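A.B. asks: Okay, here's the structure, questions in a sec.
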Amino acid sequence: MRDDDNTPISAQDAKRLFADFRAVPAIVLAVSGGPDSVALMWLMARWRRTLARGPRLVAVTVDHGLRAEAAREARDVKLLARTLDLPHRTMRWSGDKPKTGLPAAARAARYRLLALAAHAAGATHILTAHTRDDQAETLLMRMLRGSGITGLAAMARQSEREGVWLARPLLDIPKSQLIATLNKAKIAFAADPTNRDTSFTRPRLRALMPALAEEGGDARNLARLAARLARANAALEVLVDGAERYLVLSDRNDAARFGFDASAFAGLSEEIRLRLLMRAIDRVGHEGPAELGKAEALLAALDRAIAEGQGRLKQGRLKQTLAGAAISLVGGRIHVDAAPPRRSRKG
C-alpha cells in the first residue's frame, strides 16, 4: 500500500488484499452501509470480476432494530449490491434488547446472524471491514481495561467463529483511504450517528485520537503495537503448547482426570503457568472463558499452596472453582475438573 492515507485503493492493491480468498467457494460480506463496509463490498465485487473463477460473494446486512434509519440503510445496501450483481440478505436481531452492555450484546448478535447467513449460503468465510483505525481503538479500549497480552493483540486477521472463518482483510488500511476510494467511484454511504455517541466508550476514545496522534500515538503506531503484541502472543502460545504436552505426559497414571504435576508446574514461568491454567479451565468449565484477573488470583493461591507442600510445613492443599471448573491441589497434583452446576436460588 502507498503511504498516502488519502489515496484510493487501486485494483492492483485490492488484488493483493484479497489474494488469500481466491480459492474460497463462497464469502459473506458484512455490509452495514457505512463507508468501510460499502468500500469492502465495492472492492470485492470489482476484484471478483477480474477472476475467471473465484468465490461467490453474498452481501449481508444486520439490522439490530436499534435505529429507525437501519431498515432504510439495509435497503440502500441491497440496491447497491444489485448494481454490483451481488445477492443481498438482511438479517434482523429480534427480541428484547439488554439495558446494559448493549454494544457487546449487539456485536455478539451480529456475528451470530452473520454465521447463520454464511451457513445458509454455503460460505466458509465472513469478511468484515475493520480498518487500522478500528484496530487502534480496540487496542486503547483493552489497554484501559487492563487486558493481558492476548487482549492487547487486538483483533486477529483471521479466526474461527460459529463454525466459519472470520477474516479482516482491511486491518492495515486507514479509514480515510476507503472513503477516498468511494469518493472517486462516486458511491454514497451512510453515517451511523452511534459512531459519534459519546455515551459509548469507542466514540469517546475516537474523539481523543487527534490529541494522541500529536504525541505519536496515531492509528498507524497503535496498530503496529497491536501487531507486535500479536506476534509475542503467538510465540507464547507455542511455548504453552510445549509445556502442556510435557505436563500431560507426566499424568500417565491419572489419565481419567485432567491435571498437572505440581512440581513441574511450579518450575514454569508465571505467564506460562497462567495460560496453562486458563486453558484447562476453559476446556472443562461450563461458565464461559475464565476472567484474567480471577485466574491471576487463583494462580497466586495455587503458588502459595504448592510452596507450602514443597516446604513440608504441611500438606499443600487447595480447592476452588472458577468459570464452571473445579481446581484442586491434592497430593502434589493439580486437578482441573468440571464443577457441579450451580443450584438455582428460590424466591
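The values are calculated or read from the model by the stated rules, or taken from the named source; none is laboratory data. In this text, all values refer to a predicted model and were calculated from it rather than measured experimentally. Cβ sites come from the backbone with ideal geometry, for glycine too, and all protein chains shown count toward neighbours. Ligands, DNA and RNA are excluded from the accessible area calculation, which covers all protein heavy atoms including side chains. Shrake-Rupley method; radii C 1.70, N 1.55, O 1.52, S 1.80 Å.
A.B. asks: Here is a list: 91, 143. Which entry is within 21 Å of residue 41 (Cβ to Cβ) and either within 23 Å of the chain's Cα centre (by Cα) or surrounded by 13 or more Cβ atoms within 10 Å (Cβ to Cβ) (or both)?
C.D. replies: 91
A.B. asks: Quick check on residue 140: is it closer than 20 Å to residue 10 by Cα and of a type outside the set (S, T, N, Q)?
C.D. replies: Details: closer than 20 Å to residue 10 by Cα: no; of a type outside the set (S, T, N, Q): yes.
It is false that residue 140 is closer than 20 Å to residue 10 by Cα and of a type outside the set (S, T, N, Q).
A.B. asks: Yes or no: region 40-57 includes at least one residue that is closer than 15 Å to residue 181 by Cα and touching a Lys or Arg at 6+ places or on another chain (Cβ under 9 Å).
C.D. replies: Going residue by residue through region 40-57, those that are closer than 15 Å to residue 181 by Cα are 40-47.
With touching a Lys or Arg at 6+ places or on another chain (Cβ under 9 Å) added as a condition, the list becomes 47.
Checked against the condition, which is being closer than 15 Å to residue 181 by Cα and touching a Lys or Arg at 6+ places or on another chain (Cβ under 9 Å), region 40-57 yields at least one hit.
A.B. asks: Next up: Is it the case that residue 71 is more than 30 Å from residue 220 (Cβ to Cβ) and crowded, with 18+ Cβ neighbours inside 10 Å? Spell out the reasoning first.
C.D. replies: Working: more than 30 Å from residue 220 (Cβ to Cβ): yes; crowded, with 18+ Cβ neighbours inside 10 Å: no.
Judged against the criteria, residue 71 is not a match.
A.B. asks: Just the residues that are within 19 Å of residue 157 (Cβ to Cβ) and small (Gly, Ala, Ser), please, taken from region 1-54.
C.D. replies: If the condition is that a residue be within 19 Å of residue 157 (Cβ to Cβ) and small (Gly, Ala, Ser), then 14, 19, 23, 30, 37, 39 are the ones that fit.
A.B. asks: For region 6-17, indicate whether the set of residues that are surrounded by 24 or more Cβ atoms within 10 Å (Cβ to Cβ) and of a type outside the set (Val, Ile, Thr) is non-empty.
C.D. replies: Looking for residues that are surrounded by 24 or more Cβ atoms within 10 Å (Cβ to Cβ) and of a type outside the set (Val, Ile, Thr), one finds none in region 6-17, hence no.
A.B. asks: Something else about it: So is residue 230 surrounded by 14 or more Cβ atoms within 10 Å (Cβ to Cβ), closer than 30 Å to residue 264 by Cβ and either over 24 Å from the mean Cα position of the chain (by Cα) or modelled with pLDDT of 95 or more (or both) or not?
C.D. replies: Details: surrounded by 14 or more Cβ atoms within 10 Å (Cβ to Cβ): yes; closer than 30 Å to residue 264 by Cβ: yes; either over 24 Å from the mean Cα position of the chain (by Cα) or modelled with pLDDT of 95 or more (or both): yes.
Yes; evaluated as a whole, the condition is true for this residue.
A.B. asks: Let me ask something else about it. Among the numbered conditions (1) surrounded by fewer than 15 Cβ atoms within 10 Å (Cβ to Cβ); (2) in contact (Cβ under 8 Å) with a residue 40 or more places away in the chain; (3) of a type in the set (A, V, I, L, M, F, W, C), tell me where residue 52 comes up short.
C.D. replies: Looking at each condition in turn, residue 52 falls short on (2).
A.B. asks: Scan region 150-166 residue by residue and report those that are open to solvent by less than 60 Å² (accessible area, probe 1.4 Å) and more than 23 Å from residue 25 (Cβ to Cβ).
C.D. replies: Residues satisfying the conditions are 151, 152, 153, 154, 155.
A.B. asks: Residue check: is residue 22 modelled with pLDDT under 95 and open to solvent by 10 Å² or more (accessible area, probe 1.4 Å)?
C.D. replies: Considered against the rule, which asks whether it is modelled with pLDDT under 95 and open to solvent by 10 Å² or more (accessible area, probe 1.4 Å), residue 22 comes out as no.
A.B. asks: Under 9 Å between Cβ atoms, which residue pairs at least 6 apart in sequence (or on different chains) link something in region 236-252 that is under 21 Å from residue 149 (Cβ atoms) and modelled with pLDDT under 95 with a partner that is among the basic types (Lys, Arg) and open to solvent by 30 Å² or more (accessible area, probe 1.4 Å)?
C.D. replies: Close Cβ pairs (under 9 Å, with a partner that is among the basic types (Lys, Arg) and open to solvent by 30 Å² or more (accessible area, probe 1.4 Å)) amount to 244/279.
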